[in-house]
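S.K.: Questions regarding the structure given below will be posed in turn.
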Amino acid sequence: MAAVAEGLRLLLVADVSAEQVLGGAERMLNAHLRALLEAGHTVTLLTRQPDPDAPLRIALPCGIDEHRLPYDGDRGLRGFMQLRRAAGAWWRLRASHFDLVVAEQPFVAAALVAAGCRLPRLQVCHSLACEEYAGRYGLDGGLRARLAAAAMLWLERWIYRTADRVLALSVFTRERLRRMVGVAPEQVVIAPAGVSLPRRVRAAQRQAWRAQLGWEGPVVVTLRNLVPRTGVDLLVQTAAILRRSHPALRWCVIGAGPLQQPLRHLAGMLAVEEQIEWCGYLDEEQVAMRMAAADLFLLPTRSLEGFGLVTLEAAGFGLPVVATPVDANLEVVPELDDNRLAEAATPQALARAVGEALAAQQDEEYEARATRIRDQAQQRFPWQAHDAALLRAIAQIAAG
């Protein structure tokens with residue numbers, strides 16, 4: 001098969017918008033959009049409305065338009081049928097415009113296939129939506145939530161099995177595709193994500209930001225959706241364990257979600273409400289300030305870490321990472337020498353690992369450590385390697 005393909009007319013399909021980076025899904029979408037355009041392909045982007053009042057077509061800074069299917073946000077059959085009807089109307093006008101589909105998530109892709117699109121397709125899998133949904137709603141959502149998760153699993157089996165190739169970010173995700181969906185491992189291309197390095201922060205600027213934030217002692221930061229799988233409750237319990245041995249230690253939680261109030265209640269019960277700063281959702285500039293000003297990043301995942309792009313985001317700011325030994329954390333976190341995996345996904349193990357990581361920093365200057373981590377991340381997780389795997393997979397599909 002051909003190793004490269006040039007000048008293809010690609011339809012890039014996603015369930016999220018490229019307009020604003022809210023998390024890993026949007027970051028990966030923008031990375032793939034960049035790679036495809038740089039490779040000389042003609043790209044059309046099709047997504048769904050992020051909210052019912054959003055425009056159905058917007059211009060992106062990269063020079064292309066984002067087309068959006070009308071979507072009112074319904075997660076059930078009614079919402080999918082709405083996407084199916086909209087995809088049918090959109091596709092009938094453009095069926096001859098493309099050579100190949102690259103689909104980032106399953107739902108808009110499924111609506112498009114159900115509407116009659118039979119083009120060759122590379123399907124990207126960051127994680128399985130049915131497991132994400134069950135982790136967020138299934139425990140207390142009753143019969144409706146369980147039925148919705150089962151329907152998502154059926155749809156994902158269909159959409160991943162009918163793809164010509166599947167691109168995954170980790171061996172863990174490839175194994176989930178095999179066990180949960182029935183995709184043969186040889187159909188899966190593994191392409192770890194890359195690190196994007198923000199502007200280098202000097203020690204004087206970092207100190208100015210710490211003063212602005214009111215940070216004096218060591219600070220551990222995390223950037224997580226506040227849902228059960230991300231394990232922020234483990235962070236709260238870890239803070240309680242370290243409160244006496246590290247009285248100056250502070251914790252910064254960036255992110256929002258349905259567990260925000262229960263987690264704050266837990267912090268109060270464990271008498272660490274004064275040690276934890278709950279920031280909620282922040283824009284990228286405010287996130288960058290806190291990441292650069294912190295001393296350590298904690299990734300307390302309980303389950304379903306398909307890659308952990310935030311590990312590389314932390315490395316971009318020169319932050320060592322302490323993580324639970326869960327899922328793709330086992331693949332990604334140890335690749336950088338300053339990172340640590342806790343012995344178990346427990347508060348006690350995390351407390352030991354955090355204490356050891358902070359002790360290791362005491363005799364090293366910030367700039368030396370940050371430079372080492374950034375350089376190592378760039379060497380071991382270059383976007384060029386991910387882009388090359390993506391483009392090879394597309395070329396193989398086009399040739400086949």
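The values are calculated or read from the model by the stated rules, or taken from the named source; none is laboratory data. Computed from a prediction, not measured in an experiment: that's the story for all the values here. Cβ atoms come from the backbone with ideal geometry, glycine included; neighbour counts cover every protein chain shown. All accessible areas refer to the heavy atoms of the entire protein, side chains included, with ligands and DNA or RNA removed. Shrake-Rupley method; radii C 1.70, N 1.55, O 1.52, S 1.80 Å.
Residue-by-condition table, conditions (1) touching a strand residue (DSSP E or B) at 6+ places or on another chain (Cβ under 8 Å); (2) at pLDDT below 95:
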site	(1), (2)
MET152	no, yes
ILE159	yes, no
ALA163	yes, no
GLU175	no, no
ALA191	yes, no
VAL221	yes, no
VAL227	no, yes
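S.K.: I would also like to ask the following. Could you check segment 193-232 and list, in sequence order, the residues that are more than 30 Å from HIS32 (Cα to Cα), in contact with a Lys or Arg (Cβ under 9 Å, 6 or more places away or on another chain) and in contact (Cβ under 8 Å) with a residue 40 or more places away in the chain?
M.R.: TRP209, LEU213, TRP215, PRO218, VAL219, VAL220
S.K.: Report whether or not GLU277 is surrounded by fewer than 19 Cβ atoms within 10 Å (Cβ to Cβ), within 21 Å of GLU216 (Cβ to Cβ) and either basic (Lys, Arg) or touching a Cys at 6+ places or on another chain (Cβ under 9 Å) (or both). Quick ask: steps written out before the conclusion?
M.R.: Values: surrounded by fewer than 19 Cβ atoms within 10 Å (Cβ to Cβ): yes; within 21 Å of GLU216 (Cβ to Cβ): yes; either basic (Lys, Arg) or touching a Cys at 6+ places or on another chain (Cβ under 9 Å) (or both): yes.
Answer is yes for this residue.
S.K.: Pairs please, first residue from segment 154-182 and without any contact (Cβ under 8 Å) to a residue 24 or more places away in the chain, second anywhere and surrounded by fewer than 24 Cβ atoms within 10 Å (Cβ to Cβ), Cβ atoms under 7 Å, 6+ apart in sequence or on different chains.
M.R.: ARG161/VAL181; ARG161/GLY182; ARG161/VAL183; ARG174/PRO185; ARG174/VAL188; ARG174/ILE190; ARG178/PRO185
S.K.: To continue, here is another question. For segment 84-110, give me the residue count where each residue is of a type in the set (A, V, I, L, M), open to solvent by less than 40 Å² (accessible area, probe 1.4 Å) and either closer than 20 Å to MET28 by Cβ or at pLDDT below 95 (or both). Walk me through how you get there before you give the answer.
M.R.: Kept after step one, since they are of a type in the set (A, V, I, L, M), are these residues of segment 84-110: 86-87, 89, 93, 95, 100-103, 108-110.
This time we only want the ones that are open to solvent by less than 40 Å² (accessible area, probe 1.4 Å), so: 86-87, 100-103, 108-110.
Checking which are either closer than 20 Å to MET28 by Cβ or at pLDDT below 95 (or both) leaves us with 100-103, 108-110.
Here the count works out to 7.
S.K.: All but one of (1) open to solvent by less than 10 Å² (accessible area, probe 1.4 Å); (2) of a type in the set (S, T, N, Q); (3) part of a loop (DSSP other than H, G, I, E, B) hold for GLN123, so report the exception by its number.
M.R.: Going through (1) open to solvent by less than 10 Å² (accessible area, probe 1.4 Å); (2) of a type in the set (S, T, N, Q); (3) part of a loop (DSSP other than H, G, I, E, B) one by one, GLN123 breaks only (3).
S.K.: From the list GLU284, GLU331, GLU305, which one is open to solvent by less than 30 Å² (accessible area, probe 1.4 Å) and out of contact with any Leu (no Cβ under 7 Å at 6 or more places or on another chain)? Can you show your working first?
M.R.: Details: GLU284 fails: open to solvent by less than 30 Å² (accessible area, probe 1.4 Å); GLU331 fails: open to solvent by less than 30 Å² (accessible area, probe 1.4 Å).
Of the residues listed, the single one that is open to solvent by less than 30 Å² (accessible area, probe 1.4 Å) and out of contact with any Leu (no Cβ under 7 Å at 6 or more places or on another chain) is GLU305.
S.K.: Also, quick follow-up: Take the conditions open to solvent by 30 Å² or more (accessible area, probe 1.4 Å), among the polar types (S, T, N, Q) and more than 23 Å from the chain's Cα centre (by Cα) and apply them to GLN384. Does it pass?
M.R.: Working: open to solvent by 30 Å² or more (accessible area, probe 1.4 Å): yes; among the polar types (S, T, N, Q): yes; more than 23 Å from the chain's Cα centre (by Cα): no.
Answer is no for this residue.
S.K.: Quick check on my filter: what residues within segment 344-366 are open to solvent by 40 Å² or more (accessible area, probe 1.4 Å) and under 15 Å from GLY318 (Cα atoms)?
M.R.: ALA360, GLU364, GLU365
S.K.: Is it the case that segment 198-217 has a residue that's under 20 Å from the mean Cα position of the chain (by Cα) and crowded, with 19+ Cβ neighbours inside 10 Å?
M.R.: Step one: filter segment 198-217 for residues under 20 Å from the mean Cα position of the chain (by Cα), giving 198.
If we keep only those that are crowded, with 19+ Cβ neighbours inside 10 Å as well, we get none.
No - not one qualifying residue is present in segment 198-217.
S.K.: When you scan segment 1-119 for strands (runs of 3 or more DSSP E) that lie fully inside it, which ones turn up with 2 or more residues that are closer than 19 Å to ILE394 by Cβ and within 26 Å of the chain's Cα centre (by Cα)?
M.R.: Counting at least 2 such residues, we get 9-13, 42-48, 100-103.
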